[in-house]
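The next block holds one structure in the form of structure tokens; read it before the comments.
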Amino acid sequence: MASGKHSVSHNLDPFDLSVNFNQDENFEGFTAVWLDDNIVKDADYYNSTIISLRRVISYVKIFADPDNCIDYISSIENEKVFIVLSGSLGEVVIPLTYELPQIEFI
């Protein structure tokens, strides 16, 4: 997974939950936003992904609707956002959020 300002990951394996970050980085001021229109909250995949994300970022916000997700990201003022996108939603969300100053990782 790529990291850095406005990075885009091209990981095609939805079950690969590996995240490689510099251990010296502080992610305390981050919010992870996960957008997946096929999310199933009781699935093992959902649970393992949440656990993996919370190892890096303690606050994870989940959306199934792109408009609600974009509205939420736009409303954030004092935190940086780490976006996890599933499937073709990236084609919708990235062009609308890429330039937002809150976005740190995609």
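The values are calculated or read from the model by the stated rules, or taken from the named source; none is laboratory data. Note that this is a predicted model, so its numbers are computed, not measured. When we count neighbours, we look across all protein chains shown, and the Cβ atoms used for this are built from the backbone with ideal geometry, even at glycine.
Within the stretch 78-89, which residues are in contact (Cβ under 8 Å) with a residue 12 or more places away in the chain and either under 19 Å from E28 (Cβ atoms) or surrounded by fewer than 17 Cβ atoms within 10 Å (Cβ to Cβ) (or both)?
Result: N78, E79, K80, V81, F82, I83, V84, S86, G87.
For the stretch 48-77: of the residues being charged (D, E, K, R) and under 13 Å from T31 (Cβ atoms), which is surrounded by the most Cβ atoms within 10 Å (Cβ to Cβ)?
Applying the filter and picking the extreme gives K61.
Could you grab me the full set of residues in the stretch 90-99 that are touching a helix residue (DSSP H, G or I) at 6+ places or on another chain (Cβ under 9 Å) and either loosely packed, with under 15 Cβ neighbours inside 10 Å or among the charged types (D, E, K, R) (or both)?
Matches in the stretch 90-99: L96 only.
Find the residue count for the stretch 57-106, including only residues that are of a type in the set (A, V, I, L, M, F, W, C), part of a helix (DSSP H, G or I) and either in contact with a Leu (Cβ under 8 Å, 6 or more places away or on another chain) or within 14 Å of A32 (Cβ to Cβ) (or both).
Final tally of qualifying residues: 6.
What pairs can you find where one residue is in the stretch 44-57 and charged (D, E, K, R), the other is at pLDDT 80 or above, and their Cβ atoms are less than 7 Å apart, with a gap of 6+ or different chains?
Cβ pairs passing all conditions: R54/V60.
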